[in-house]
Each structure stands twice: as structure tokens, then as C-alpha cells.
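Read-outs: derived from the displayed coordinates by stated rules, not from any lab. Not measured: the values here are computed from a predicted model. Cβ atoms come from the backbone with ideal geometry, glycine included; neighbour counts cover every protein chain shown.
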Amino acid sequence: MSFQTLFTKMEDHTLIITINRPDVLNALNKQVINDLDAVMDRVYKFPEIKSVVITGAGLKSFVAGADINEFESLSKEEAIALAKRGQGVFAKIENSPKPVIACVNGFALGGGCELAMACHFRIASENAKFGQPEVNLGIMPGYGGTQRLVQLIGKGRALELMLTGGMIDASAAFASGLVNHVVMPDQLLTKAKEIATLIQSKAPVAVAKCIEAANAVHNEALNGYETELNAFSACFDTTDMVEGTTAFLEKRKPVFTGK
Ligand code: COA
């Protein structure tokens, strides 16, 4: 797998995706969005990929936002197309049937915070900083940030962050529920891989169905309880369900196959 703006590496069935534009703090230009789209297609398609970690190159930044150089001459119509494209690719990450963990290794600002929030959950290094500083540029979040930030930390906290254009550090992000864990920078990938490996030992269909049902909470087109009911019953159609329950009764560890 090779991409212009991403490094990818497989470790124990976890695909580690590193956004690699360190000179501009890994800012998201059109090519990064295209590459993320293409890599997620592979995540959906290849059974050997069981979980995903997204991080940024270097020690300073996860992603410092959309690439501001691409904003300068944008018309309103082009802004609509840009936001639609970003929202679409981030929705592909959020709806991935395989868990996607953000490893936030520094600045997660603007589109970077939005990317981290599109992942299923986030682990931050102690030096991480989060924010939606778009108002400083006369714009606002456009890659789903207004919606996901409110969902994750509540309207009051989300609006303070968006309206002031300020940043919060890793411990404030942890306190507000934006990140699940805060670790030393050199422990970031270790922690993510530890959780990914644990999830990989569970039944893959059940994992995918948990994601699908959790995502239905904020989807007005769906009835969440109905989505849960369908997801729950679909698990009963799997041999992994038979294996899981039998293994419990036989007092042994289950061996899941994803079927
Ligand atoms: N788009 C394009 N380039 C960016 C960028 C972005 N979002 N964020 C940082 N860069 C570039 C800088 O222009 C600089 O390039 P240069 O070396 O050619 O001058 C380089 O990355 C390093 O950034 P710099 O500002 O020198 O680092 P810093 O440590 O002083 O500040 C930040 C770090 C993150 C606070 C600062 O870069 C910043 O505010 N970035 C923009 C954040 C933002 O508004 N994001 C939302 C965009 S919609």
C-alpha cells in the first residue's frame, strides 16, 4: 500500500496510518483527504486488516487543521464541495466496521480535531492540544466538527471551544470525555495496540454491530433502538455466537472466525 501523504504499516492485523506532512504539522490538503478515502476503502475490503490506528508524523502534531493554503481563493461553491468531501471521508472512518483509534500525538486543531472525533475513540499523549480555531480565520468547522464535538463533550463546552478559538490540553480533553486515555508520548502506540489487540480477540461481527448501533444514536434517519434490535439479532446468525456461548459454558476461551 503506498500513498503520497500517508505511511502505512501493518502490525498484528492493526493498520497504523501516519499522516505524513510534518513540515506543515500534517495539515489536511486535498491529497490527504483523497489518500484517507483510498486507505479506508482498503480497510473495509481486506480481511487481514482487523483494526486501525490513525496518527500524525513527528512529535509535535497529530494534524494542525485543514491546509489553510487551499482556503485562500475558495468560492462558496468550492467551499461546499470541500466540506462535502471532508464530511464524506470522515463518515467513512466513523462507519468503518473495524475499530479506528486516533492516537493524538500533539496538535489536533480544526480538521485535525474533526478527524480525531471521526475515529471511534481517542488516546492522547500528554502534550496533545485540541481546538477548533476556525473562527480565528473567519470560518468555522466544516468536516463534521460542530456535530461531533457537541455529541462528545456537550453543547456548552463545545461552543466555548468553537467560539473562543482556543485550545484545551490533554487533561482537560480527558476530563470532558473527548479522549479515553492520556499517556506519555512514547506509550501512545503501545496503548492503542494493546486495546486494538483486545478488541481483535472479540467476535468481529459483534464488534462491527456495536459500532453500527452506536453510530445510529446521532443519525436522525435511523431509529437507534431498531438499529440495535437488527444488529443484535444479526449476531444470532453467526457461528461466532455459537462459539462464544459454547466456549463460556465449556469454561474455555472462544476462538472467533468472523463468521
Ligand atoms: N495549514 C497550513 N499550514 C500550516 C497549518 C495549517 N493548518 N498549521 C501549521 N502550518 C504550517 C505553518 O504555516 C508553518 O509553516 P512554515 O514553517 O512554512 O512557516 C509550519 O506549519 C509550522 O507551524 P508554526 O505556526 O511555525 O508552528 P508553531 O509551533 O509556531 O504553531 C500552531 C503551531 C498549530 C499553533 C500554528 O501552526 C497554527 O495556529 N496553525 C493553524 C491552526 C489552525 O488554524 N487550524 C485550523 C485550520 S482550518
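In this simple spin-label approximation, Glu77 and Thr245 carry label points 7 Å from Cα along the Cα→Cβ vector, and these lie 5.8 nm apart. For a straight C-alpha distance cut-off of 16 angstrom, the lysines reachable from Lys45 (same-chain residues fewer than eight places away being disregarded) are Lys92, Lys98, Lys259. Each label point was placed 7 Å from the Cα along the Cα-to-Cβ direction; for Leu159 and Tyr44 their separation is 3.6 nm.
Ranked by the mean number of other Cβ atoms within 10 Å of their residues, highest first, the peptides 106-115, 142-151 come out as 106-115, 142-151. The modelled label-to-label distance between Asp12 and Glu126, using points 7 Å beyond Cα along the C-beta direction, is 2.4 nm.
The Kirkwood hydrodynamic radius of the chain, based on inverse pair distances between different Cα atoms, is 19.0 Å. When peptides 25-33, 58-66 are ranked by their average number of other Cβ atoms within 10 Å per residue, the highest-first order is 58-66, 25-33.
Dividing the helix sum by the residues of the chain, where each DSSP H run of 4 or more adds -39500 (n - 2.57), gives a mean residue ellipticity at 222 nm of -14000 deg cm²/dmol. Going by neighbour counts of Cβ atoms within 10 Å, the residues Thr190, Thr238 line up, fewest first, as Thr190, Thr238.
With no solvent and one equal point scatterer placed on each C-alpha of the range 116-259, evaluate the Debye formula and give log10 I(q)/I(0) for q = 0.09, 0.10, 0.13, 0.15 Å⁻¹, two decimals. Result of the Debye calculation: -0.41, -0.49, -0.77, -0.92. Along the axis of the charge dipole computed for the chain (Cβ charges of +1 for Lys and Arg, -1 for Asp and Glu, origin at the Cα centre), the listed residues His218, Gly166, Val205 are led at the positive end by Val205. Taking a sphere under 12 Å around the Cβ of Val179 and counting the other residues whose Cβ falls inside, with K and R at +1 and D and E at -1, yields a net charge of +1. Taking other C-beta atoms within 10 Å as the exposure proxy, Ser51, Ser96, Ser233 rank Ser233, Ser96, Ser51 from fewest upward.
Computed from the Cα positions only, the extents of the range 1-118 along the three principal axes stand at 43, 29, 24 Å, in decreasing order. Among 10-17, 87-94, 212-219, the peptide with the highest mean count of other Cβ atoms within 10 Å heads the list, and the full ranking is 87-94, 10-17, 212-219. Here the range 172-249 is treated as a Stokes sphere of Kirkwood radius computed over C-alpha pairs; at 4 °C and 1.567 mPa s its diffusion coefficient rounds to 86 µm²/s. Using the Karplus relation 6.51 cos²θ - 1.76 cosθ + 1.60 with θ = phi - 60°, the per-residue 3J(HN,Hα) values for the range 167-175 come to 10, 10, 8, 4, 6, 5, 5, 5, 4 Hz, with x marking Gly and Pro. What the Kirkwood sum gives for the range 82-171 is a hydrodynamic radius of 13.1 Å, with every pair of different alpha carbons counted.
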